[in-house]
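Engineer: The structure follows.
The values are calculated or read from the model by the stated rules, or taken from the named source; none is laboratory data. Quick caveat, the model's predicted, so the values are computed rather than measured. When we count neighbours, we look across all protein chains shown, and the Cβ atoms used for this are built from the backbone with ideal geometry, even at glycine. Surface accessibility is based on the protein's heavy atoms, side chains included, excluding ligands, DNA and RNA. Shrake-Rupley method; radii C 1.70, N 1.55, O 1.52, S 1.80 Å.
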Amino acid sequence: MHAIDVELAFTFKFHKGYGRGYARLLPDADGAFKALSVMMMLYDIAGHEESKTLPLRDDLTGVPGRSMQKELAAWVDEVQTKPHVLIVGAGQTGLQIAARMKAMQIPALVIERSARIGDQWRKRYPTLTLHTIKRHHTLLYQPYPTNWPEYTPKDKLADWLEQYASIQDLLVWTASELQPRPTYDFTNGTWNVSVRRGGTDVQLRPAHIVLATGTLGDAYMPDCPGRDIFHGEVLHSESFHGGADYAGKRVLVIGAGNTSIDICQDLVLNGAHSVTMIQRSSTCVMSRDLLSSFQRQTWADDRPLDIADFLAASWPIGLQKKLAIASQDAMWHLDKELHDKLRKGGLKLNMGPEGEGLYVLTLERFGGGSQLLTVDSFFKGRTKEAQTKSPMVAYKSKTESRQTGYLPITESNRTLLGDDVIHLAGDVYGLDAEGELKGSYRPTGHPGLWYGTGDFFVSRFYSKLLSKTSLIASLYVHTFPSNPSSMRNDPYADAIASYWVTQIASALQRADSEGFSQLFLPNGWLRDLLVFSGDTRALVGRDKIHSYLRDTLQDAQISNVGLSDDPHLLPRMYLITVMHTIHGDIVEFAFTFECLRGHGRGRTVLYLDQSTRTYSIASMMMMLSDIKRLAGGDEGNTQGSSAAWIKEVEVRPYVLIVGAGQTGLQLAARMKAMGIPALVIEHDARIGDHWRRRYPSLTLQTLRRYNTLLYQPYPPTWPEYIPKDLMADWLEHYTVKQGLVVWTESELQPHPVYDTISGTWDITILRNGQQTVKMRPSHIVITTGTVEEPYMPDCPGRELYQGQVLHSHTFTGGSNFSGKRVVVIGAGGSAVDICQDLTCNGAESHLNFSLRCIWTDDRPVDVADFVNAAARQPKCPHTGGTSVTALPSPPRTQWRHWTVEEIHKELYDKLRKGGFQLNMGPGGKGLGFPVLQKIGGWDAGAADLIADGTIQVKSGISPQRFTKTGLVFSDETELAADAIIFATGYQSITESVRGLLGDDISTLVGDVSGVDAEGEMKASYRPTGHPGLWFATGDFFVSRFYSKILALQIKARQLQLDSLWNAPSATTVTVFPTTVAPMDTLLVPPSNTSS
């Protein structure tokens, strides 16, 4: 057959809704292209588009009278009492169908006969792993952590399925079974079913039953005469729990499929005397590596999973079969070495009944039967030894043996559903004459009966088709429109970036600090993260850049500078049209380089002045990304923890991390990936308790992508703004999945002593309130945040007040204040949240006033972090949704103020109507920069409540003293209140550090919170002034990104590379100007002459 020359995807509309298509074209003899194959599929029903967010878990706190908890409870009640769909089986197929239906708001209840989700995997033999790559067997909406093993072990998968059901909020009844002979009411279109649950029969009337128990039914063993006279043990493979019980024994394994070979290998490894595998007839064999290579062509890491599934499904199986048969000789050749070894051991091989090979055969049979075998790399490596040194694994062709395995699902379901229903539904197993699934994900012949079968990809993709079937999807669906951002990509951006990167490379590689500094605007910025010094620095202006690099550039040994080939960091050009002080084009590009310490990457922003049409560098960041040529310096991204590793961490930790919040856990995960033994201690009884204690309506007020944890993304079905209890449980889940060593109910005792000779700390940890543990880590990292103890102003007369007084951190919900008058002191995020919660629970609240991009769904989080660390401007609708520039923290104050008032005009009008006084931050910078300097607040939907007076505001005044019935303010007005809640923030961590570490160390370290004169964090993720003492603070992005910066510094010390890090650190610098200075611009980079 000819090679396929053209492939194209297309979209269309038709009477049912929106569709997608994919075509493969070939030229005919005359050179005209003709379609080899075309797939067209219904993608969304018009008016009922699928939402990838969970509607009932979206943030409802800004909607008066609505409660997320109440709506969730209503949803759960509907699913459990009036499910529209009953799914039988909580394996990967049943769970993915349920997740898909939940995203479409179809009430679907899953029942599972096992006691726990995943038990069907747990009871299999210990060495079982999936034989497909992890991208192929990823679950819908929920990718595995990036450091997950390529071939998932069975127990790991079992636990992941259980977590999946929990994270996706699926309703699953375990230890529950559908009772035989359910009846279908053809008049009402519903089933009358009985589910045995915990010894009680529950009656349900779903409209649809989906059997998701697989294509294989009960275990099958051939009926061989004489079994009663055999003195040994006879069992089916599903009852095999490992080879340890068969050490020294002679074992016969009937069958030659994947299960057979896995069991044989496990028996050999556990010292069986001999292992003989009986092969009934020839077997189709493919190496796991070859199968994986085919899968990686489709499910590549850089291709979104839904696109990969779409491409895989676009290949008709009949066409794949023809292509495979035509390339049969090539397939034999690719696995020739393996096949020769297997034949030498007596195994008979085939390429399928028609020569289609294993890959297509698995599509035809879905892995059923003993004809299919993928052999992993271990077996290939052991074959020769097995045959030459000991009676390990031997193959014998025995025509008298019968095929074992499992009965087809059709027979297993006959007992459950009865002959009449099975007769209507027909055969489920395999493919029809057109190469489509016989009975799965399509009408079966019975109006209310459906089957879900197949591997992870099949159930992940075809669950959409099942859910979209009009009979099901016409009900219980909602529309969630999106607002995609627009961006102008200039075709000249790559050429401009290529030219400029050669100029940058030339200056850096010549160590020409003056020439390099002249490439910048007069007030341009250079940000250095461990490249030129052992610190994080930000330099503004040519003179400062030149001065800084004059003594460091030569030693940095920059080389191999080139444009980044990361597809998410390709050069881009943005048109800036709305700024009051700057008008021009921006070109952004990323580059890579090598330096003395290792590998690095950078990001540059060029500014084009419209009047002169000349470019200069507005900002540049250069960062060390990995330590070069040193074992253990790079991130290994390995999952799991051996007993030896855990012991080392608990007995001889190199790093002690204090605090198991998101910062401490992400830092521990980063260090684990870099081979740094790090022990985390947490004073709470459970990880996440600091979230669980907060008020019920608390949600994170930044985007889900922004709050993603290192290596482990949230399921895309999670709410955009994550509720606090969900966050608490995820932190606990994260600890387990990342294999982190965390001691809860443990506290570092005050005044640890540092030994300057050995470079270690002498510390004591109090565990469980009674056991003291001595340790000598080399480093202590404090990750308890920049704020510590709650702060309440000292107002006179508190003893007179007869109402309740509390701080926001002890507020546990508004239900206790129903009908009461409540005053909330403060106007930050917590104050507004508390007011909303109080009003939804019937309280009258007064607010006293005292004072949304980079993480897009199509951009990997690590790339977004890199872009933001290079210091981006948030996406703004007034600039076409583009990223305006990339500058370190201080210049954001110069670039932000122009549009803050305009963007938020509607919001600000509502707040002012309710009496809320506003400012745009110091210098009119908006919220973003104050958040970097101190803890800020965000609006989460309270503006309407303030505007209509539901939340009353007293503004521009401060509380002066308590009275018997309330508070007197600075304007001498009194406000009566039954309860007063102080949402007045927390004390700085600096004082807490003083109590823990002592005056000497605290004085040496100085202030920890905020930023220095260069705009860098004062003491976090950088040297503090005391050896072995570090701080890690900040939000999810900060700790996710800067954890690497800190881990690289500690790794260098672990590897005793201190000499590479003894470069100058920050000294006194001049604060940036508050206005934008005039910008000189250059058509081409100048030489070493002044412009």
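Engineer: Which order do Leu8, Leu570 take by accessible area at a 1.4 Å probe, largest first? Present the calculation step by step, with values, prior to reporting the outcome.
Structural biologist: Details: Leu8 70, Leu570 90 Å².
Correct descending sequence by accessible area is Leu570, Leu8.
Engineer: Using 0.36 nm per residue, how much length does the chain from Asp999 to Thr963 gain when fully extended, once their Cα-Cα distance is taken away?
Structural biologist: Values: separation 36, 0.36 × 36 = 12.96 nm, distance 3.94 nm.
Fully extending the segment from Asp999 to Thr963 adds 9.0 nm.
Engineer: Counting only protein heavy atoms and a 1.4 Å probe, tell me what percentage of region 964-1065's accessible area is made up of carbon and sulfur.
Structural biologist: On the way: 1800 of 3640 Å².
Result for region 964-1065: 50 percent of the exposed heavy-atom area is carbon or sulfur.
Engineer: Also: Compute the accessible area per residue over region 712-821, keeping the other protein chains in place, probe 1.4 Å, unit Å².
Structural biologist: Details: 5070 Å² over 110 residues.
Normalised by residue count, the accessible surface of region 712-821 is 46 Å².
Engineer: When the chain is fully extended, how far beyond the present Cα-Cα distance does His236 get from His15, taking 0.36 nm per residue of separation? Display every interim value, and only then the final one.
Structural biologist: Details: separation 221, 0.36 × 221 = 79.56 nm, distance 5.22 nm.
Length gained between His236 and His15: 74.3 nm.
Engineer: Taking 21 Å as the cut-off for C-alpha to C-alpha distance, list the pairs among Lys672/Lys737; Lys647/Lys774; Lys34/Lys464; Lys647/Lys737; Lys102/Lys737 that go past it. Provide the component values of the computation, followed by the final result.
Structural biologist: Details: Lys672/Lys737 12 Å; Lys647/Lys774 15 Å; Lys34/Lys464 30 Å; Lys647/Lys737 18 Å; Lys102/Lys737 25 Å.
Result: Lys34/Lys464; Lys102/Lys737 exceed 21 Å.
Engineer: R0 = 45 Å: FRET efficiency of Arg686 with Asp185, Cβ-based, nearest 0.05?
Structural biologist: Values: r = 48 Å, r/R0 = 1.07.
After rounding to 0.05, the efficiency reads 0.40.
Engineer: Round to a whole number: what % of the accessible area of region 171-323 belongs to carbon and sulfur, probe 1.4 Å?
Structural biologist: On the way: 3750 of 7490 Å².
The C+S portion of the solvent-accessible surface of region 171-323 is 50 percent.
Engineer: Using a 1.4 angstrom probe with every protein chain in place, what is the largest-first accessible-area order of Met221, Met671?
Structural biologist: Values: Met221 75, Met671 0 Å².
Final ranking, largest accessible area leading: Met221, Met671.
Engineer: Something else about it: Along region 111-119, what does the Karplus equation 6.51 cos²θ - 1.76 cosθ + 1.60 (θ = phi - 60°) give for ³J(HN,Hα), rounded to whole Hz, x for Gly and Pro?
Structural biologist: 10, 9, 6, 6, 6, 9, 4, x, 5
Engineer: Leaving out ligands and nucleic acids, and using a 1.4 Å probe, what accessible area per residue does region 159-273 come to in Å²? Can you show the working numbers first?
Structural biologist: Values: 5930 Å² over 115 residues.
Result: 52 Å² of accessible area for each residue.
Engineer: So what is the relative contact order for region 965-1010, in percent, with contacts set as C-alpha pairs under 8 Å and at least six apart?
Structural biologist: 26
Engineer: What does the charge count near Pro83 come to, summing +1 for each Lys or Arg and -1 for each Asp or Glu among other residues with Cβ under 12 Å from its Cβ? Please list the in-between numbers first.
Structural biologist: Working: positive: Lys82, Lys102, Arg205; negative: Asp77, Glu78.
Computed value for this residue: +1.
Engineer: Just list whichever of Lys628/Lys1051; Lys724/Lys820; Lys156/Lys1051; Lys249/Lys348 have alpha carbons separated by over 18 Å in the model shown. Intermediate results must be reported in sequence, preceding the final value.
Structural biologist: On the way: Lys628/Lys1051 12 Å; Lys724/Lys820 25 Å; Lys156/Lys1051 30 Å; Lys249/Lys348 26 Å.
Distance filter (> 18 Å) returns Lys724/Lys820; Lys156/Lys1051; Lys249/Lys348.
Engineer: Then there is this: Please compute the contact order of region 725-785 in relative form: average sequence separation of alpha-carbon pairs under 8 Å and at least six residues apart, divided by the residue count, as a percent. Write out the running numbers ahead of the final one.
Structural biologist: On the way: 65 pairs, mean separation 14.1, N = 61.
Relative contact order, region 725-785: 23 percent.
Engineer: So if each residue of separation counts as 0.36 nm, and I subtract the Cα-Cα distance between Lys344 and Asp201, what length gain in nm does that give? All intermediate terms of the calculation are to be shown ahead of the outcome.
Structural biologist: On the way: separation 143, 0.36 × 143 = 51.48 nm, distance 5.74 nm.
This chain segment gains 45.7 nm when fully extended.
Engineer: Using a 10 Å cut-off on Cβ atoms, rank the peptides 1040-1052, 175-187, 106-118, 1023-1035 from the highest mean neighbour count down.
Structural biologist: Working: 1040-1052: 23.9, 175-187: 14.2, 106-118: 21.9, 1023-1035: 19.8.
Result, highest mean Cβ count within 10 Å first: 1040-1052, 106-118, 1023-1035, 175-187.
Engineer: Okay, next question. Taking square-rooted eigenvalues a ≥ b ≥ c of the alpha carbon gyration tensor, is region 294-344 rounded, prolate or oblate, where a/c under 1.5 means rounded and, failing that, a/b exceeding b/c means prolate?
Structural biologist: Values: a/c = 3.92, a/b = 1.75, b/c = 2.24.
The shape class here is oblate.
Engineer: Please calculate the 1.4 Å probe accessible area of Cys795, with all protein chains present, and give it to the nearest 10 Å².
Structural biologist: 10
Engineer: With the contact rule set at Cα under 8 Å and sequence spacing of 6 or more, what percent relative contact order holds for region 758-830? All intermediate terms of the calculation are to be shown ahead of the outcome.
Structural biologist: Numbers: 34 pairs, mean separation 13.5, N = 73.
Across region 758-830, relative contact order equals 18 percent.
Engineer: Using the per-residue mean of other Cβ atoms lying within 10 Å as a proxy for protection, in what order, highest first, do the peptides 797-805, 557-565 fall? Present the calculation step by step, with values, prior to reporting the outcome.
Structural biologist: Values: 797-805: 13.1, 557-565: 15.8.
Ranked by mean Cβ neighbours within 10 Å, highest first: 557-565, 797-805.
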